[in-house]
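The values are calculated or read from the model by the stated rules, or taken from the named source; none is laboratory data. This one's a predicted model, so the numbers in the text were calculated from it and none came from an experiment. Cβ placement follows ideal geometry from the backbone for every residue including glycine, while neighbour counts extend to all protein chains displayed. Please note that ligands, DNA and RNA were not included when accessible areas were found on the heavy atoms of the full protein model with its side chains. Shrake-Rupley method; radii C 1.70, N 1.55, O 1.52, S 1.80 Å.
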Amino acid sequence: MNNLKRLGSDDVLLQKYHPDEVDLVNGLGSLPSKDLQWKLYERFTSLGYLFTSVISPHAILSGYVELGQGVQIMAGVIVQAGARIGDNTLLNTGCIVEHDCCIGPHNHLAPGASLSGGVTTGICVHIGTGANVIQNLNIGDHAVIGAGTTIARDVPPHQTLIPARNRIIS
Ligand SMILES: CC(C)(COP(=O)(O)OP(=O)(O)OC[C@H]1O[C@@H](n2cnc3c(N)ncnc32)[C@H](O)[C@@H]1OP(=O)(O)O)[C@@H](O)C(=O)NCCC(=O)NCCS
């Protein structure tokens, strides 16, 4: 990273480079309830700039996935056939997106999160480190799935969930 040239602040970028001259990469990480990564993307796309996608050569993507604009896919990620990934979504290290999932824009799937087939997420959803989601469920807009949580039913928008205590069901 040390040999990279620093161009300046966001405002310098706006003054110096027309949208036709540059492609942007959103290098911000994201944490639950922090919307800077989303706002930065919205600010620049509303001015006509494009974000390019960054995909690790160590990620495995089926040939049958649909990627939105400016997605970031880190090492060890697996995305299976029929999955769709929304604009500006970050698939962090080692997460799994199974077949036919539909991941909304501005999501963050944290390291090791695992989505079974056919899961749908809304906008700005955070799936925490090591969380699991059972197949065909819907996770509402702005929901936060705490690290290590297993989700076994739909999650309404704006809810935050953490792991349940063990309970006997039979
Ligand atoms: C769910 C989460 C957002 C809650 O954060 P918060 O609102 O700040 O909650 P707090 O840390 O105040 O915790 C509230 C209580 O829930 C418990 N808790 C929070 N998250 C938990 C989790 N994932 N698993 C188990 N318990 C958890 C805390 O221990 C605390 O319990 P207490 O009241 O008995 O002390 C957060 O803990 C989390 O899991 N974030 C995801 C982290 C992540 O994915 N990082 C990726 C970085 S790349």
### Stretch in the chain that is longest and holds no chymotrypsin sites (Phe, Trp or Tyr not before Pro) that DSSP places in a loop and that have at most 15 other beta carbons within 10 Å
65-170
### Query
DSSP loop GluC sites (Glu not before Pro) in the stretch 1-102 with at most 10 other Cβ atoms within 10 Å of their Cβ, which ones?
21
### Query
Which whole-number value in Å² is the accessible area per residue of the chain, probe 1.4 Å?
58 Å²
### Task
Give me the accessible area of residue 77, 1.4 Å probe, in Å² rounded to the nearest 10.
0 Å²
### Summary
The aspartates and glutamates whose Cα lies under 16 Å from the Cα of residue 34, excluding any fewer than 8 residues away in the same chain, are 42, 141
### the stretch 10-51: relative contact order as a whole-number percent, Cα under 8 Å and 6+ apart
47 percent
### Task
Could you list which residues have their amide H under 5 Å from that of residue 132, counting only those 5 or more apart in sequence or on another chain, with H placed in the peptide plane?
114, 149, 150, 151
### Query
Between the stretch 132-170 and the stretch 33-70, how many Å separate their Cα centres?
25 Å
#### Entry: Extension gain, residue 34 back to residue 20 (0.36 nm per residue minus Cα-Cα distance, nm)
2.1 nm
### Message
Tell me the carbon and sulfur percent of the accessible area for the stretch 10-51, rounded to whole percent, probe radius 1.4 Å.
### Response
55 percent
### Query
Considering only DSSP states other than H, G, I, E and B, which trypsin sites (Lys or Arg not before Pro) in the stretch 13-77 qualify as loop sites with at most 14 other Cβ atoms within 10 Å?
34
### Query
Ignoring ligands, DNA and RNA, what percent of the accessible area of the stretch 94-170 is carbon or sulfur (1.4 Å)?
53 percent
### Task
Amide H neighbours of residue 123 under 5 Å, at least 5 residues apart or on other chains, H built in the peptide plane: list them.
141, 142
### Query
What relative contact order, as a whole-number percentage, does the stretch 1-127 give when Cα pairs under 8 Å and 6 or more residues apart are counted?
16 percent
### Query
Taking the Cα atoms only, what angle lies between the long axis of helix 36-46 and the longest principal axis of the chain, rounded to 10 degrees?
50 degrees
### Query
Using a Gaussian network for the chain with springs between C-alpha atoms less than 10 Å apart, which of these wobbles most: 100, 87, 35?
35
